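Peer 1: This is the structure, below, for whatever I ask next.
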RNA sequence: GCUGAAGUGGUGGAAUUGGUAGACACGUUGGACUUAAAAUCCAAUGUCCAUUAGGACGUACGGGUUCAAGUCCCGUCUUCAGUACCA
């Protein structure tokens, strides 16, 4: 009987689905274990072999944990709101729900084919109203909460109102907007209702505010900081501009410190934690108030500039101040004489895009405002400058410039000829600033002279506090997250407006369903796509909804037309899996108390500052609300590395040469022959050959025979076999990616295989219109449809089977590592499976019998159990696969047929190759799924050896091995080794100076 | 610049606390089987020298510690990822 993997795999996938083998219960005598994958966005392109890598690893772990006696939760779902479906809708008019549904079907088919042990009964989709009902619900909870810094937790906004009623807000210590005014109880009671709401909005954890946002005109929406890469949108690479807009924001900054501290309690990779730490960007220092010295323009009202500094100890080195060009005081304090300079500079910087500013950090520019500030201690005047090296968005948008201690201030001072006082003892600052805090000894600084950074910082802060000119302060880089998107395919907000103030629609009316629209673009008046909706597909008993408006008691209120961003739905899905069908609560307390948190989370590192930060924020909020028992949602997290694709790249070389008549011809494509002694006739040499070593050799003056040099305009006519001097040939090259599947193993593209369906650029290029076969070079890069280098797991499953795919993806290398895919290598694991099959099933049926296992059999089995268990626990799945191969090779050589060996071996292999394991398991006479079997116990007794093959080294170099009993002590071993013939041969009569014997390990003779 | 990770055969990668470097595969070469191919099996395969026996060199580079270093220490280089006028 042969190994018919297709039949076997279909059979068991069906069995698992019909028997709900992997359905998890919310209670059990067994300990619980929750293994989670980051759920996919179902894109139109379907899965490629890179996607399932993490799913395979987590599936192996989940199956392993079941064998170890755990009640395992291993769910899967879809992050199904998002831009691509909407963009497709804009182009085709197809409703995003329809394309999303189709894509999910494809994903599900592909996932099922790989044999995952997901509990599909718990599937969630973020675009499902029964799911996003709870996303909206959390939004309402955030709106109804503020962050109390005294208790360090979120608390109901109603508590705040109670305090305002009796004593105003002067004693409130809460996370809020910077510009909250101070008011008394009396003030509060006299405020209009709108004014009160406005104030409360400044405290809420989700709030509406006019903020400068990242506006992406091409996408027609705002983007969060983490959705922008190198100044352009992450999706599509469109330019992004700063724009003031009224938007919903999440007050994640309130949680900055807890998000930072929480990292210490979770087992995530160091690099990922470091990325989050950088993003949170905590810096400890002081805020200092510099009073502006009154001038004619500003003497009516005294102004002051607040700065944040991490080096208060250097305050006596301040020789100027710098404001961001956008700083609100600039226009107020600038003197008449300097006004034209300053205005010109502001205009010039405003013209520069974010990207230009980022690209050009070397150029020093700025302007003097003509105004001066007063040094808080010396009372000396300090000139106030503006410069675009100071960012409006960080700190206060103003700095005290200490050129001797900060390189940017130093460069600025040098450039504009500002004095650079030295306040460091024994340091030369004639060339550059001195920024080493640890080595700092302060000088020329009044009461700070002779002390170090730490002490000086303390003293300055004390001094500032006495003067009322500043205080110790911690600053975070983490900004509040913009939560509004001008998009259709996202969660609608449960919000309507009364006199311009946002109101929550009562939670009992949730979900607020996404309305149907005619078109998915913004309205003619520039409103988001939801503005196109005439009838909202939701029905509220007390209020009806018509034309984007909520009508309550015949009063008409406008609805919020923005939708929530992509990360809204993914910020709590992991908890929803615990109780996915609950319509009364987001999840029952019973279920969350049982499953607690994710024990193992596997996904890509690209979510480090997005999903993984926002989810931690929501989890902490839910913890404060008493909804979840732990404030970190994932105990352990592993980032799987990317599987890279190998793109095939044909290189087109456009060249010019001097012909016989000495005339220069540039309208040529050039093909080489005799490079590296290969025949390149009708082929084109690769980029590497030309760019690298070869072109250098060529330039050195060697002659190359060029063949097939043909004119682009007339491919039929070519020069053949002529000698050209390559010194006179110039080249430009261009790359063309070729679909990988149309290249043979020798890297040849066969022209006959070309069809119109390939890219026009490729098909129409002269290169491919000529006769023959072309070589291409390979380049390893991200697997993507765009690069024509994707490998579909369905093809692999059809050709080699899901078990081969699973084993091979693991065998490729360590999970976290980036590694290239190479389909050719899969034959290794595939033939392993065939050997495994042959070990159990011979030509005439089962090979397994009740024969007693030999000592060797037991040794092989138990060392396999030990190694594989260790490997899985340490997530080195690649070495397990090698271990299986060794085990099967050994047992085959031992001609093992013993059921006592082969049956437990199947259980060890089954997490990796579950289909073949199930099939053989059932052939061995079991009616229950192998997933219910217990993992065999490792017995160290079977690995005990009586002898050891000692490596015998001379001066650290291994020369031969010697089999000796493990009972022998050091002296006995030494005697045995020294009396050995080979030892004498090595020593050639010399006396060994020293003999190192490590019993059970090694012998080293120093001579 | 800063932070993090890494650098081992032709390729992917092994090597638990310093103790036989290159497990396990891919690829390549040779052989068996076959009319042939596929499949399967066997052998060889780090580099160099040597007919063999064997030897020299080898884990990015330069030092060091040690009986012994891919592994530990110091310095340098390179690659990848993240981040960046963050005051």
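Peer 1: Tell me the residue from A:480, A:446 that is within 30 Å of residue A:140 (Cβ to Cβ) and either modelled with pLDDT of 90 or more or touching a helix residue (DSSP H, G or I) at 6+ places or on another chain (Cβ under 9 Å) (or both), please.
Peer 2: The match here is A:480.
Peer 1: What number goes with the only condition from (1) within 30 Å of residue A:491 (Cα to Cα); (2) assigned to a loop (DSSP other than H, G, I, E, B); (3) at pLDDT 95 or above that residue A:35 does not pass?
Peer 2: Only one criterion is unmet by residue A:35, namely (2).
Peer 1: Additional query: Go through the stretch A:811-843 and report how many residues are assigned to a helix (DSSP H, G or I) and touching a strand residue (DSSP E or B) at 6+ places or on another chain (Cβ under 6 Å).
Peer 2: Result for the stretch A:811-843: 0.
Peer 1: For the structure I just gave you, tell me whether residue A:257 is modelled with pLDDT under 90, touching a helix residue (DSSP H, G or I) at 6+ places or on another chain (Cβ under 9 Å) and either in a loop (DSSP other than H, G, I, E, B) or away from RNA strand B (no atom under 13 Å from the Cβ) (or both).
Peer 2: Spelling it out, it is not the case that residue A:257 is modelled with pLDDT under 90, touching a helix residue (DSSP H, G or I) at 6+ places or on another chain (Cβ under 9 Å) and either in a loop (DSSP other than H, G, I, E, B) or away from RNA strand B (no atom under 13 Å from the Cβ) (or both).
Peer 1: Let me ask another. What is the residue count in the stretch A:596-627 for residues that are at pLDDT 90 or above, part of a helix (DSSP H, G or I) and touching a strand residue (DSSP E or B) at 6+ places or on another chain (Cβ under 6 Å)?
Peer 2: 2
Peer 1: Scanning for something in contact with a helix residue (DSSP H, G or I) (Cβ under 8 Å, 6 or more places away or on another chain) and under 22 Å from residue A:784 (Cα atoms), does the stretch A:60-75 turn up at least one residue?
Peer 2: No, the conditions are met nowhere in the stretch A:60-75.
Peer 1: Let me ask something additional. Give the stretch A:156-178 a look and list any residue that's under 24 Å from residue A:475 (Cβ atoms) and either in contact with a helix residue (DSSP H, G or I) (Cβ under 9 Å, 6 or more places away or on another chain) or free of Cβ contacts under 8 Å to residues at least 12 places away in the same chain (or both), or say none.
Peer 2: Within the stretch A:156-178, A:169, A:171, A:172, A:174, A:175, A:176, A:177, A:178 meet the criteria.
Peer 1: Still on this structure, please answer the following. Filtering the stretch A:391-427 down to residues that are under 14 Å from residue A:440 (Cβ atoms) and modelled with pLDDT under 85, which residue is farthest from RNA strand B (Cβ to nearest atom)?
Peer 2: Only one residue tops the list, namely A:426.
Peer 1: Just wondering, is there one or more residues in the stretch A:205-225 that are within 16 Å of RNA strand B (Cβ to nearest atom), surrounded by fewer than 19 Cβ atoms within 10 Å (Cβ to Cβ), more than 19 Å from the chain's Cα centre (by Cα) and at pLDDT 80 or above?
Peer 2: no
Peer 1: Also, I was wondering about something else. Could you tell me whether the stretch A:375-387 includes any residue that is within 14 Å of RNA strand B (Cβ to nearest atom) and surrounded by fewer than 17 Cβ atoms within 10 Å (Cβ to Cβ)?
Peer 2: no
Peer 1: Sticking with this one: Determine which single condition residue A:855 fails, assuming it passes every other condition in (1) within 15 Å of RNA strand B (Cβ to nearest atom); (2) out of contact with any helix residue (DSSP H, G or I) (no Cβ under 7 Å at 6 or more places or on another chain); (3) in contact (Cβ under 8 Å) with a residue 60 or more places away in the chain.
Peer 2: (1)
Peer 1: Another question, then. Go through A:98, A:172, A:140, A:90 for me and flag whichever is farther than 22 Å from residue A:600 by Cβ and touching a strand residue (DSSP E or B) at 6+ places or on another chain (Cβ under 7 Å).
Peer 2: The conditions single out A:140.
Peer 1: Considering the stretch A:362-412 alone, what residues qualify as being under 20 Å from residue A:422 (Cα atoms), under 36 Å from the mean Cα position of the chain (by Cα) and without any contact (Cβ under 8 Å) to a residue 24 or more places away in the chain?
Peer 2: Within the stretch A:362-412, just A:408 meets the criteria.
Peer 1: To continue, here is another question. Could you tell me which numbered condition residue A:802 fails, if it satisfies all but one of (1) within 30 Å of residue A:269 (Cβ to Cβ); (2) within 15 Å of RNA strand B (Cβ to nearest atom); (3) more than 24 Å from the chain's Cα centre (by Cα)?
Peer 2: Tallying (1) within 30 Å of residue A:269 (Cβ to Cβ); (2) within 15 Å of RNA strand B (Cβ to nearest atom); (3) more than 24 Å from the chain's Cα centre (by Cα), residue A:802 fails exactly one: (2).
Peer 1: Taking the stretch A:22-32, which residues are in contact with a helix residue (DSSP H, G or I) (Cβ under 8 Å, 6 or more places away or on another chain), surrounded by 14 or more Cβ atoms within 10 Å (Cβ to Cβ) and in a loop (DSSP other than H, G, I, E, B)?
Peer 2: Correct list: A:22, A:24, A:26.
Peer 1: Same structure, new question: Every residue in the stretch A:940-964 that is closer than 21 Å to residue A:870 by Cβ and within 16 Å of RNA strand B (Cβ to nearest atom), please.
Peer 2: Listed by number, the residues that qualify are A:940, A:942, A:943, A:944, A:945.
Peer 1: Only one of these is surrounded by fewer than 12 Cβ atoms within 10 Å (Cβ to Cβ), within 46 Å of the chain's Cα centre (by Cα) and without any contact (Cβ under 8 Å) to a residue 12 or more places away in the chain: A:985, A:928. Name it.
Peer 2: Within the list A:985, A:928, the selection yields A:928.
Peer 1: Criterion first (more than 16 Å from RNA strand B (Cβ to nearest atom) and either modelled with pLDDT under 90 or out of contact with any helix residue (DSSP H, G or I) (no Cβ under 9 Å at 6 or more places or on another chain) (or both)) does residue A:432 satisfy it?
Peer 2: Considered against the rule, which asks whether it is more than 16 Å from RNA strand B (Cβ to nearest atom) and either modelled with pLDDT under 90 or out of contact with any helix residue (DSSP H, G or I) (no Cβ under 9 Å at 6 or more places or on another chain) (or both), residue A:432 comes out as no.
Peer 1: Name the one entry in A:98, A:114, A:140 that is in contact (Cβ under 8 Å) with a residue 60 or more places away in the chain, under 29 Å from the mean Cα position of the chain (by Cα) and over 30 Å from residue A:257 (Cα atoms).
Peer 2: A:114
Peer 1: Looking only at residues in the stretch A:864-897 that are under 32 Å from the mean Cα position of the chain (by Cα) and assigned to a loop (DSSP other than H, G, I, E, B), which one is farthest from RNA strand B (Cβ to nearest atom)?
Peer 2: Looking at the filtered set, the residue picked out is A:875.
Peer 1: Might you check whether a residue that is modelled with pLDDT of 90 or more and under 17 Å from residue A:858 (Cβ atoms) occurs anywhere in the stretch A:944-951?
Peer 2: no
The values are calculated or read from the model by the stated rules, or taken from the named source; none is laboratory data. If you're wondering where the values come from, they're calculated on a predicted model, not measured in any experiment. Neighbour counts run over all protein chains shown; Cβ positions are idealised from the backbone, glycine included.
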